[in-house]
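Colleague: Got a structure for you, written out below as structure tokens; questions coming shortly.
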């Protein structure tokens, strides 16, 4: 059986899903298989990886005895993954494509794929809307830490928009399991954003949140972007880290 090229796609990785869709649009005639388990790797020659919230799952690739060509694709948010170095040591990656430098690694620098996606959907009418969109993240689900969670950050964002006399639209993450608390969902300053991110980039000029990829991309393309600063306890503009 002829070996296939594949994206290693984990169910709980929203970035892997984005890359799958992006490649399908860019290379509609190329056969790129999405896989969800390392158990199906025996007939696959090239595996495109991206860090995910379950990096431990990717480390299982080290146990595979069949030789593969591993390509690591990173984006702006992956520089904040504390165990990225451990992942690089666990898997024999031949090629790294990244918008940021990685210590002691040869990197093929390229612009963030998600930034290109955001830029493609940016329209002039995004400068006309004064409301904010809050990009929520599953902080409780990923960290199990209630001292810093998405609901507390949303409440801080509500105070900010109240002072500015505008609305806060909340874009929830697909992995968020907990419902929004009553005081948030019933606030007159809050609305849920039911559209997708492509629509959001064409509609909002004001973005707010923690450090998610859409937020980082919004900063890259020049939108007004506020990040939560744990030291100051405020939303503020964050300097470029890449």
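Colleague: Looking at segment 179-191, is at least one residue surrounded by 13 or more Cβ atoms within 10 Å (Cβ to Cβ), modelled with pLDDT of 90 or more, within 23 Å of residue 121 (Cβ to Cβ) and in contact with a strand residue (DSSP E or B) (Cβ under 7 Å, 6 or more places away or on another chain)?
Modeller: For segment 179-191, residues surrounded by 13 or more Cβ atoms within 10 Å (Cβ to Cβ), modelled with pLDDT of 90 or more, within 23 Å of residue 121 (Cβ to Cβ) and in contact with a strand residue (DSSP E or B) (Cβ under 7 Å, 6 or more places away or on another chain): present.
Colleague: Of all the residues that make up segment 82-109, how many are touching a residue at least 12 places away in the same chain (Cβ under 8 Å), in a loop (DSSP other than H, G, I, E, B) and either in the same structural domain as residue 217 (by TED's automatic domain parsing) or within 30 Å of residue 178 (Cβ to Cβ) (or both)?
Modeller: 1
Colleague: Separate question: Please work out if residue 170 is in contact with a helix residue (DSSP H, G or I) (Cβ under 6 Å, 6 or more places away or on another chain) and touching a residue at least 24 places away in the same chain (Cβ under 8 Å). Lay out the reasoning, then the answer.
Modeller: Values: in contact with a helix residue (DSSP H, G or I) (Cβ under 6 Å, 6 or more places away or on another chain): no; touching a residue at least 24 places away in the same chain (Cβ under 8 Å): yes.
Answer is no for this residue.
Colleague: Can I ask one more? Among what's in segment 124-138 and is within 17 Å of residue 169 (Cβ to Cβ) and assigned to a loop (DSSP other than H, G, I, E, B), pick the residue that is modelled with the lowest pLDDT.
Modeller: So in segment 124-138, the residues within 17 Å of residue 169 (Cβ to Cβ) come out as 125-137.
Imposing the further condition that a residue be assigned to a loop (DSSP other than H, G, I, E, B) reduces the set to 128-131, 136-137.
Numbers: 128: 64, 129: 79, 130: 90, 131: 95, 136: 95, 137: 91.
In this case the residue turns out to be 128.
Colleague: Just to be sure before I move on: is residue 141 outside any helix (DSSP H, G or I), at pLDDT below 90 and surrounded by fewer than 18 Cβ atoms within 10 Å (Cβ to Cβ) in the structure I sent? Steps first, answer last, please.
Modeller: Values: outside any helix (DSSP H, G or I): no; at pLDDT below 90: yes; surrounded by fewer than 18 Cβ atoms within 10 Å (Cβ to Cβ): yes.
No: the conditions fail for residue 141.
Colleague: Looking at segment 198-214, I want the residues that are under 17 Å from residue 76 (Cβ atoms) and assigned by TED's automatic domain parsing to the domain that holds residue 231 and have a partner that is modelled with pLDDT under 90 and assigned to a strand (DSSP E or B) with Cβ atoms under 9 Å, at least 6 apart or on another chain. Which pairs are those?
Modeller: none
The values are calculated or read from the model by the stated rules, or taken from the named source; none is laboratory data. If you're wondering where the values come from, they're calculated on a predicted model, not measured in any experiment. Quick reminder, even Gly has a Cβ in these numbers, built from the backbone with ideal geometry, and neighbours come from all protein chains shown.
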